[in-house]
Each structure stands twice: as C-alpha cells, then as structure tokens.
Amino acid sequence: MKSEAARCQPESLTYSLPSPPKTSKDLNFFVVNTVDQRNLPGKRVGQVIHFGKVTELLLNKSVEDALLAYYQRLAPEIKEGQIPLYIAIEHFQIQEKRVAPNKVIGEARIKVNFRWYRDMQPVELTSYESKANFTRPESKDIHSQILPSLLDQSIAHFEKWMTLNAGRNPSLSRKIVLRFKDMGGSDEKDTVFYSPLRPLKWTDFKGNYARPGSRYAAAVFTSFAYEGHSYPEGDQLVVEIGLKVFMVKSNSWAKMNAREAGTLRHEQLHFDLTRLAAEGFKKRLLEAELTVEDHDSEIQYQYLEAFRQMNTDQKAYDNATGHGTNAALQESWDRNISNQIKKLYFQK
C-alpha cells in the first residue's frame, strides 16, 4: 500500500525535446553553453494534465543539457568570427489545469538572457521573454509542440537582434582601434593652435609682463588636451582621439626690452616640446592594453602621465639652458627638438 505522502505526489511524464534540423542560415553567433537559473530543479519543466491527472513533466535529461543540445542544432559553430553565445535560462516551463471535462487550460513560459564573454568579462546582450496561453481538449497533448516553439522563437529573436545590432552596438565589438586626428584649426582670439608652419610671434604674447619679482624675460603658456568618442565599426570599436596643442595668449607675456629673436626662439621650443608631449601621449595609447570594457580610464591615466612627462621635460629644458641664457646648450636643445619636429611633420 502506498503511503499518504506517496499518494500526494503527482505522477510524472518524461518528454524528449525533438532534434530540430540544422540551420542553413549564415549566423553570426553560435551557442556554446546554457545555464539553468530556474526555480524548478533538474529535469522538471512544470505540470500537465495527462489522462485526467496532474502529472509532473520531466525532460529526459537536465534542462541545461537538453536545451544546449537543442540550441546547438539551431545555432551551430560553422565559421570563424561567430560570437560565442551563452544562454541563461530564467524560465522554461508549462503549467496546466483541468477546468471542465475534456477541457484543459494552460500557460507556457520562457525567459532567457543572452550574453558572451569578452576578455573574460561577461557582456550582456539581450533577453527574450514570452508567454503562451492555451486551451486544449484532454485528449490532445500540446507540450510537445509548444515547448520547442518557444525555443525556436527565442533564437529567432536573437538572430533578429544580431541583424539590427551587428556593426552598430559596442557590446558586440571584439577589439579596439585607435584613430587620431589633429583638432588644431584657425587661431582664436586668445589661442594659437600648434602648426610647424606657424611659429610664434611677439604679438601673440598678450599677458601682463609686469609681474613683481619676475626675473625672466618672457613666459609662454602652452598645453595640450584631447577629446575622445567611440563608435562601433564592423566587429571593432573605434576610439577616436582628437588632439589639440595650443598656446594661450593672455597667459603668455614678454618684457618689451627682451623681445629679441633668441628669446622668441626659446619660447617657441617650449611650444614644440608641448607638441612632442602630445605625440608621446599617442605613443602611450598605442602601447597600452586598452579593453572595450574599460578604455576611458586607461586613456585618462596615460594622458596624465604624458602631461607629467611634459612638465618634467619643460623644466629640464629651462634648467639646462638657463632659461635661454646658455647659448651652447640652447643650440643643442634647439637642434634636438627641431629634428624631432621635422621627423614628425616632414619625414613621414
């Protein structure tokens, strides 16, 4: 005789998902794994009415294994460059209730999340959720049609999402490509943008030179900055870095009795050093390990490092040349910096 607990347990029915035909479509993804995150354990996919009784519906294997086999037939690995897709299963179940003689109502539900791993980091892509409410006679089971249909619809959803997002969504980018552009343009009221064809002039020095205690003949305020934005292009994320190297007129000054060619040349080399610092920033970025997930912070870090190096070089230049008063060392620095500028602009 069965115990009371055994009599309360619903009977079970084991069901095998069919094997769908392999796709003939040229998909940009393949399914590499599934993860069961449902509340239902193991093989269970809900309850159905079978021969008038509430019956536990089980798959012939775990939901993870059964759905992985099904999905891998729908989206197999067939070529290089496909996105390796991981599918997390939040819901995959069916629930039926007998409401009248020969009348069963039910609901089938699916919710899956699609992701992939880039540089060992999970990248969430999209999700799919659907419910199907139905009424059926007791004599005709429906789970064998409706459950595979939900799986087919989920892959069809992701295929459509890929079509809409491939080459447009950064979450699908596999690598970073850096592109640099010079943001210098026509000079503004208070700004001179760097150009090897446009050397500084004394009229560019608009600041107040009558500074108490200053023992220098002149000072030039130069700096460099960047603007960055990114956009997907094919399977890569293009990070465009706009560089501007500039001199601020209102912060640059010179004593009237010191406006000589040699002094102006000394200040010009400060401007040249700033341009070389911007080039050093570019080199740092090209050598850095930038990732799609976290490139902004690395770019900012390399900018600060290049800026510190620029300040160090500017101080070394002034200290070595005595702020332009040591003619021999001034000539040596002039020759070295000028050669670097020539290589940068005229010897490519």
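The values are calculated or read from the model by the stated rules, or taken from the named source; none is laboratory data. Every value quoted in this text rests on a predicted model; they were computed, and no experiment measured them. Cβ sites come from the backbone with ideal geometry, for glycine too, and all protein chains shown count toward neighbours. Note: accessible area is taken over every heavy atom of the protein model, side chains too, but ligands, DNA and RNA are not part of it. Shrake-Rupley method; radii C 1.70, N 1.55, O 1.52, S 1.80 Å.
The share of accessible area on region 9-82 that comes from carbon and sulfur is 47 percent, using a 1.4 angstrom probe. Given the alternatives (i) 21.3; (ii) 16.4; (iii) 29.0, mean projected area of the Cα convex hull in nm² as computed for this entry is given by (iii).
For the residue pairs Lys255/Lys342; Lys175/Lys282; Lys206/Lys315, the alpha carbons lie more than 21 Å apart in Lys255/Lys342; Lys206/Lys315. Residue by residue, region 171-177 carries 3J(HN,Hα) couplings of 5, 9, 6, 9, 8, 9, 10 Hz when phi is fed to the Karplus relation 6.51 cos²θ - 1.76 cosθ + 1.60 (θ = phi - 60°); x denotes Gly or Pro.
Volume per residue for region 203-335 equals 132 cubic angstrom (convex hull of Cα atoms). The distance separating the Cα centre of region 102-169 from that of region 288-348 comes to 57 Å.
3J(HN,Hα) along region 14-19, derived from phi through the Karplus expression 6.51 cos²θ - 1.76 cosθ + 1.60 where θ = phi - 60°, amounts to 9, 10, 10, 4, x, 9 Hz, with x in place of Gly and Pro. A simple packing score, the average count of other Cβ atoms within 10 Å per residue, orders the peptides 144-150, 175-181 as 144-150, 175-181, with the highest score first.
Roughly what % of DSSP beta bridges within the chain run antiparallel, to the nearest 5? Can you show the working numbers first?
Numbers: 51 of 73 bridges.
That works out to approximately 70 percent antiparallel.
Straight Cα distances below 13 angstrom link Lys25 to the aspartates and glutamates Glu77, Glu159, with same-chain residues fewer than 8 positions distant left out. Could you work out how far helix 143-165 tilts from the main Cα principal axis of the chain, as a 0 to 90 degree angle to the nearest 10? Helix 143-165 and the main axis of the chain meet at about 10 degrees.
For Asn169, nonlocal amide neighbours, meaning residues 5 or more places apart or on other chains whose placed amide H falls under 5 Å from its own, do not occur.
Surface composition of region 268-348: carbon and sulfur make up 48 percent of the accessible area, probe 1.4 Å.
Overall, region 1-136 carries a charge dipole of about 600 debye about its Cα centre when +1 sits on the Cβ of Lys and Arg and -1 on the Cβ of Asp and Glu, all other atoms neutral. For the pairs Lys53/Lys160; Lys111/Lys140; Lys43/Lys79; Lys61/Lys140; Lys79/Lys283, note any where the Cα-Cα span goes beyond 30 Å. From Lys53/Lys160; Lys111/Lys140; Lys43/Lys79; Lys61/Lys140; Lys79/Lys283, over 30 Å: Lys53/Lys160; Lys43/Lys79; Lys79/Lys283. Note on region 225-348: dipole from Cβ charges, positive end direction compared against Ala316, Leu276, Ala258; the farthest Cα belongs to Ala258.
Quick one: net charge around Lys43, please, counting Lys, Arg +1 and Asp, Glu -1 for every other residue with C-beta under 14 Å from its C-beta.
Values: positive: Arg38, Arg44, Lys61; negative: Asp36, Glu56, Glu64, Asp65.
For residues surrounding Lys43, the net value is -1.
Show log10 I(q)/I(0) for region 217-289 at q = 0.12, 0.16 Å⁻¹, two decimals, from a solvent-free Debye sum over equal Cα scatterers. Once normalised to I(0) and log-transformed, intensities are -0.48, -0.68.
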